[in-house]
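Take a look at the structure set out below.
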Amino acid sequence: MNNNTLDLGNTNSPNSLPHFVAKNIIKNFGGIKALNNLNFEVYRGEVMGLVGDNGAGKSTLMKAISGSQLCDSGTFMIDGEEVKISSPQDASKYGIQIVYQDLALCENLDIPANLFLGNEKKLFNYLRFIPNFLLPLDHLSMEESAIESMKNLKVSTIKSMQAKIGFLSGGQRQSIAIARAIKSDSSIVLLDEPTAALGVSQTKEVLDLVLRLKETNHAVVIISHNLNNVFEVCDRITVIRQGENVEVFDKLKSTPDQIVSAITRGT
Amino acid sequence: MNNFLDKIANLRETPLGSFVPVMIALVAIWIYFGINEPIFLSPRNFYYLFMQSAVVGTLAVGVTMVLLLGDIDLSIGAVAGVCAATLAVLTTNMGLYAPYAIIISLLFGAFLGCIMGAIIAYVKIPSFVVTLAGLLGFQGLMMKILGINGAINVRDPIIRSISTTTLPTTIGMVLAIIGVVLFGYLIIRNRSIRSKKNLENETNLVSAVKFLFFSILMIGATILLNLYKGVPILILILLALTFLLGWISTSTSYGRSIFAVGGNAESARRVGISIEFIKISAFGIVGFMAAVGGLIGASRYASVSFNAFAGGPLLLEAIGAAVIGGTSLFGGRGSVWNAILGALVIGSLGNGLDLSGARAADKLMFSGAILLIAVTLDAVSRKK
Ligand SMILES: Nc1ncnc2c1ncn2[C@@H]1O[C@H](COP(=O)(O)OP(=O)(O)O)[C@@H](O)[C@H]1O
Ligand SMILES: [Mg+2]
């Protein structure tokens, strides 16, 4: 096992810089070293798998990258430039979007409302004397955009845009959470266990979505426990164990057995 | 059984599902008392029914805003009392020009609401506890303001006129017809724009039922009220405020945020919605509406007394009205318009039972049963 692919770079664009790099990330929870000098990178147009046993620190790394939980030390770089990520707003400013393990959709609202939550389209924007939050919503155009983005993601199973999220299937919800993450000008999409709660056909829907993100030149990071899924969509796979790097595998040059061994034994 | 409950939950999500149950309850009550107590359906009785339901309706519309957040405000009755007492002192005792006194008391109500909202939002104490403290404290404050007599008369003609003035019958009718035509026009325009843009439309049946329901209620109520005295200004004020809050809650990003916080506060926070601002302002709105309720009460009774506002009935009827109207106690679902229907259900029930000579004990038990049914529907409609 001599394929330390950290140096190999991306097969799609061997000469370019990684789009996103996290270097020497440290995060402690009291005495627990959740992340211990962790390194991570992902290219544009690449799907990077992030795998490790329960408690390895995957979610903690995601939260650090998306600014929702700050790390103790370490640096982030986008296209070779160091950036400071200290809030979710910072992260989204740099084009980083996360689909949380727990989705974070409002079940009582319909699809357009969820897609545009916190970022609604309004009418009469020129009426300066009315506070922005009291301007009338542009329901129609939000609904049109919602249909458009569902179409772009080739999500065809949703019958009505006015369906409340609470009445949709797990796969449909996941699609909507992903659509929300990528509708703005995002370049990095982090997916935390996007298929964990899904059945076979719904899992396929979501994995297709992931591949479409790759086609549109996003840098995609996907956490999953399901190695079949990982091998299906990922180009490279970063294995971490107890908060430390084990190895970065190139999918084409490795087998699931190697990954399992890296996850459990660290070799 | 679970299958059946699921069906109910799904029905409630349909376009008419949210207000059909309360409509059926209302119509059933009207038919029942209409048959058993012919006086019930008389124009005169209807007029008083509307007037009696106005204070509860105002408070119910207000409290709906915080129920949507998944919060509750137990102090609405007491805030209404404090504001009414302030109004009485300012006009009767100090001789302040009534419109100024009204503005001061309304702002005072909003202020009290904002204070409680700020404590709830920043100190993170459950609204139940904070507003319970408010209930007790404001009842005391009301006693202090009212002084040793425990009541102040309100004879100011401007304040009195709010509940004694009615629209001339022709103007009332013209307004109702304009409302109906406008409503129909908006439905048709919306449908045609949506079909032009290839967006899904509600079925003809749903549009027709909506329109028919609205126009029958508007025209019918106006005719009945006109047969007695005409449409009271008070009702007009209540409808205008409800329209405003209904519009804000469904058609602005502020309202959207209220629903989002009620549905999933963490999700709202992650997209950058300020939960503090939403809570403080929503409680401010409730305080304002409570003050309006106080103003209406002062105008109707021509006096402000401790007993009229303090204690349970007003508060419980208002929250009951909102819940009977289909607003969820779990947050994230409901509508201010339904609160008005809920207030009419409670008002009609009380009025009808009064006419049939029922005792207070029966009234309480009936109200309790209806509230229980409403809350059960609410819990059942709540998806897993
Ligand atoms: N908020 C927290 N407080 C304390 N310990 C935490 C917290 N979040 C995560 N941890 C700990 O950090 C380690 C990594 O957790 P996590 O990133 O959730 O793992 P994974 O997502 O890989 O299963 C675990 O030991 C976990 O118990
Ligand atoms: Mg995790």
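The values are calculated or read from the model by the stated rules, or taken from the named source; none is laboratory data. Worth saying up front: this structure is predicted, and the values here are computed from it rather than measured. As a convention, Cβ positions derive from the backbone with ideal geometry for all residues, glycine included, and neighbour counts pool all protein chains shown. Side chains are part of the model used for accessible areas, which takes the heavy atoms of the whole protein and leaves out ligands, DNA and RNA. Shrake-Rupley method; radii C 1.70, N 1.55, O 1.52, S 1.80 Å.
For chain B, a Gaussian network of Cα nodes joined below 10 Å ranks B:Val66, B:Val56, B:Val154 by mean-square fluctuation, and the top entry is B:Val154. Distance between the pseudo-spin-label points of A:Phe129 and A:Glu244 (7 Å out from Cα toward the beta carbon): 6.7 nm.
Evaluate the charge dipole of the protein assembly as shown about its Cα centre and quote only its size in Debye, nearest 20, assuming +1 on the Cβ of each Lys and Arg and -1 on the Cβ of each Asp and Glu. Please list the in-between numbers first.
Details: 51 positive and 43 negative charges, 249 e Å.
For the protein assembly as shown, the charge dipole is close to 1200 debye.
GNM remark for chain A: springs join alpha carbons under 10 Å apart, and the peak mean-square fluctuation among A:Leu211, A:Leu168, A:Leu35 falls on A:Leu168. Between B:Val27 and B:Asn307, how high is the FRET efficiency from 1/(1 + (r/R0)^6) when r is the Cβ-Cβ distance and R₀ = 45 Å? Nearest 0.05. In this case the efficiency is close to 0.85.
Suppose a student asked you for the relative contact order of chain A, using Cα pairs under 8 Å spaced at least 6 residues apart; what percent would you report? Could the numbers behind the result be given before it?
Values: 502 pairs, mean separation 73.5, N = 267.
Over chain A, the number comes to 28 percent.
Positive contributions from Lys and Arg (+1) and negative ones from Asp and Glu (-1), summed over other residues with Cβ under 13 Å from the Cβ of A:Gly243, come out at +1.
Sites counted here are trypsin sites (Lys or Arg not before Pro) in a DSSP loop (not H, G, I, E or B) having no more than 13 other Cβ atoms within 10 Å; the longest part of chain A that contains none of them is A:160-267. Under the simplified labelling scheme, the B:Phe213-B:Arg155 pair shows an inter-label distance of 4.7 nm, with each label point 7 Å from Cα along Cα→Cβ.
If R0 is taken as 30 Å, the Cβ-Cβ distance between A:Val83 and A:Asp53 corresponds to a FRET efficiency of 0.50.
Counting only whole DSSP H helices of chain A, there are none at least 27 Å long by C-alpha along their axis and with mean Kyte-Doolittle hydropathy no lower than -0.5.
For A:Met77, the solvent-accessible surface with a 1.4 Å probe is about 50 Å², rounded to the nearest 10. Let me cross-check A:His139: its accessible surface, 1.4 Å probe, with only protein heavy atoms counted, in Å² to the nearest 10? My reading of the accessible area for A:His139 is about 80 Å². Among B:Ile103, B:Ile35, B:Ile280, which one moves the most in a GNM of chain B with springs linking Cα atoms closer than 10 Å? So, out of B:Ile103, B:Ile35, B:Ile280, the one fluctuating most is B:Ile35.
Grab the other residues whose beta carbon is less than 13 angstrom from that of B:Gly368, score K and R as +1, D and E as -1, and report the net. Could the numbers behind the result be given before it?
Numbers: positive: B:Lys363; negative: B:Glu317, B:Asp362.
So the surrounding residues net to -1.
Of the chymotrypsin sites (Phe, Trp or Tyr not before Pro) found in the stretch B:79-146, the ones in coil according to DSSP and having at most 15 other Cβ atoms within 10 Å of their Cβ are B:Tyr97.
For chain B, the solvent-accessible area works out to 45 Å² per residue, with a probe of 1.4 Å and every protein chain left in place. The smallest convex shape that holds all Cα atoms of the stretch A:20-264, its convex hull, gives 141 Å³ per residue. Only protein heavy atoms count here; under a 1.4 Å probe, B:Ile72 has an accessible surface of about 40 Å². A simple spin-label model places pseudo-atoms 7 Å from Cα toward Cβ; at A:Asn228 and B:Ser356 they are separated by 6.4 nm.
For B:Tyr48, B:Tyr301, A:Tyr43, write out the residues from largest to smallest accessible area, computed with a 1.4 angstrom probe and no ligands counted.
Working: B:Tyr48 75, B:Tyr301 110, A:Tyr43 15 Å².
I get B:Tyr301, B:Tyr48, A:Tyr43, largest accessible area first.
Charged neighbours of A:Leu38, selected by a Cβ distance under 14 Å, balance to +2 (K, R count +1; D, E count -1). Please find the FRET efficiency linking A:Ser156 to B:Arg191, where r is the Cβ-Cβ separation and R0 is fixed at 22 Å, and quote it to the nearest 0.05. The computed FRET efficiency comes out at 0.30. Remark: the B:Phe330-B:Ile125 segment gains 72.1 nm on full extension, using 0.36 nm per residue and subtracting the alpha carbon distance.
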